[in-house]
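Undergrad: Structure in structure tokens, see below.
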Amino acid sequence: MTRQRKIVDASKMGGHGLRLIGTTDIDGNGTPHEIADVDPIVLFDFGKFNTRNELPFRPHPHLGLTAMSFLPVNGTFMAWDSIEGETEAHLHAGGLYYVHAGSPAFHYEFPSPETVAAEIDMEFVQLVWNATDEEDVKTVIIQPEAVPVITSENGSVRVLAGEFCGVKSVQPFTHRKIIYAYVQLQNGKTMDLHVPSSMKGILFAIEGNLKVNEATVNARQMMILGDEDHLLSITNLGADSISRFIIAAGEPLNKPFYKMIGLGGFIIGKTEDEVRSKMEQFAAKAEQLKKEIPQYFPAQYL
């Protein structure tokens, strides 16, 4: 008997975003999504907005996690973090920016002045992984020309992280492997992709409706990959348009963790006492940052 696939509809996040993976924190705050099936992924957001409008983001805390930001199509982003300060390079569409926060760090991303002036529509994907078994703290920008892309008559696969489709990209983790890819599939075409059997993960349809093995995944839906989904036959059901989707998977930790939301972000750790103590320290640091870098805080937070 074929297993019923788990298809997830996104939760709206303000007026600009969708949350596909979230779950509540130790105090019940957040978005109630079941995430055991996608370990080691702990958050997945998709946003679409016009740069003429001010975004509500601010410098926010990271701990025990690795956040990966990706711009699928338009514009450039800048970034600031408490490790490196403001990045000199702008992240261009098709590239990857990640903050690896095995230890405490603040992080903030925002459209570049040129992108704001252009008043364009942008898409923003953020994928966050459990990194409670990591110690490094670093930020890395991978520009689009450094990202491997596999092309065929059926479409293209942009390998943002890990080893996928026979090519290697950036590997942020020392203790396990992941894959992260952005795929464009021509109208009516099929692509076969392989996800290692040691990994758990998801497929998210940004644009277009897909048939994934026996399941249908419509635009802005996510499918959680099951044990029988390591060989994926994916067909674009659109007759006259391309489809675009994300595949992400990783080797699970299979360990409990504790999550706490606050200050516009969230942190995770190995004990409840750890995350409560760290969030208190972050709160004090946030007040200091408001004085040092007020230009990064929307007026409502000052």
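Undergrad: Can residue 19 be described as among the basic types (Lys, Arg), farther than 14 Å from residue 127 by Cβ and not in a helix (DSSP H, G or I)?
TA: On the way: among the basic types (Lys, Arg): yes; farther than 14 Å from residue 127 by Cβ: no; not in a helix (DSSP H, G or I): yes.
For residue 19, the condition - among the basic types (Lys, Arg), farther than 14 Å from residue 127 by Cβ and not in a helix (DSSP H, G or I) - is not met.
Undergrad: Checking residue 228 against (1) closer than 23 Å to residue 67 by Cα; (2) in contact with a Lys or Arg (Cβ under 8 Å, 6 or more places away or on another chain): exactly one of these is not met. Which one?
TA: Answer for residue 228: the failing condition is (1).
Undergrad: Taking the condition farther than 19 Å from residue 200 by Cβ and hydroxyl-bearing (Ser, Thr, Tyr), does residue 76 pass? Talk me through it step by step, then tell me what you get.
TA: Values: farther than 19 Å from residue 200 by Cβ: yes; hydroxyl-bearing (Ser, Thr, Tyr): yes.
So residue 76 passes the test.
Undergrad: Restricting to region 217-235, name every residue that is without any contact (Cβ under 8 Å) to a residue 60 or more places away in the chain and not in a loop (DSSP other than H, G, I, E, B).
TA: Hits for region 217-235 are 231, 232, 233, 234, 235.
Undergrad: Okay, next question. Looking only at region 186-208, count every residue that is under 15 Å from residue 21 (Cβ atoms) and out of contact with any strand residue (DSSP E or B) (no Cβ under 7 Å at 6 or more places or on another chain) and tell me the total.
TA: Counting residues in region 186-208 that are under 15 Å from residue 21 (Cβ atoms) and out of contact with any strand residue (DSSP E or B) (no Cβ under 7 Å at 6 or more places or on another chain) gives 0.
Undergrad: Now for a separate question. Which of the residues spanning region 25-36 are over 25 Å from residue 205 (Cβ atoms) and in contact (Cβ under 8 Å) with a residue 24 or more places away in the chain? If you could, list the steps in order and put the result at the bottom.
TA: First, the residues of region 25-36 that are over 25 Å from residue 205 (Cβ atoms): 25-29.
If the condition is that a residue be over 25 Å from residue 205 (Cβ atoms) and in contact (Cβ under 8 Å) with a residue 24 or more places away in the chain, then 25, 26, 27, 29 are the ones that fit.
Undergrad: So residue 39 clears everything in (1) crowded, with 20+ Cβ neighbours inside 10 Å; (2) farther than 14 Å from residue 267 by Cβ; (3) touching a Pro at 6+ places or on another chain (Cβ under 9 Å); (4) in contact (Cβ under 8 Å) with a residue 40 or more places away in the chain except one condition, right? Which one?
TA: (1)
Undergrad: Residues that are touching a residue at least 60 places away in the same chain (Cβ under 8 Å), β-branched (Val, Ile, Thr) and more than 23 Å from residue 126 (Cα to Cα): does region 237-251 have at least one?
TA: No: region 237-251 contains no residue that is touching a residue at least 60 places away in the same chain (Cβ under 8 Å), β-branched (Val, Ile, Thr) and more than 23 Å from residue 126 (Cα to Cα).
Undergrad: Would you point out the residue of region 130-143, among those that are in a loop (DSSP other than H, G, I, E, B) and in contact (Cβ under 8 Å) with a residue 40 or more places away in the chain, that is farthest from residue 37 (Cα to Cα)?
TA: Result: 143.
Undergrad: Under the condition of being touching a helix residue (DSSP H, G or I) at 6+ places or on another chain (Cβ under 8 Å) and farther than 24 Å from residue 131 by Cα, which residue from region 34-73 is modelled with the lowest pLDDT?
TA: Once the filter is applied, the top-ranked residue is 56.
A quick yes/no check of all residues on (1) in a strand (DSSP E or B); (2) of a type in the set (Asp, Glu); (3) in contact with a helix residue (DSSP H, G or I) (Cβ under 7 Å, 6 or more places away or on another chain); (4) crowded, with 20+ Cβ neighbours inside 10 Å:
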position	(1), (2), (3), (4)
108	yes, no, yes, yes
115	no, no, no, yes
128	yes, no, no, yes
145	no, yes, no, no
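Undergrad: Taking the condition β-branched (Val, Ile, Thr) and modelled with pLDDT of 90 or more, does residue 76 pass? Working first, answer last.
TA: Details: β-branched (Val, Ile, Thr): yes; modelled with pLDDT of 90 or more: yes.
It is true that residue 76 is β-branched (Val, Ile, Thr) and modelled with pLDDT of 90 or more.
The values are calculated or read from the model by the stated rules, or taken from the named source; none is laboratory data. No experiment lies behind these values; they were computed from the predicted model shown. Methodologically, a virtual Cβ is constructed for each residue, glycine included, from the backbone with ideal geometry; neighbour enumeration extends over all protein chains shown.
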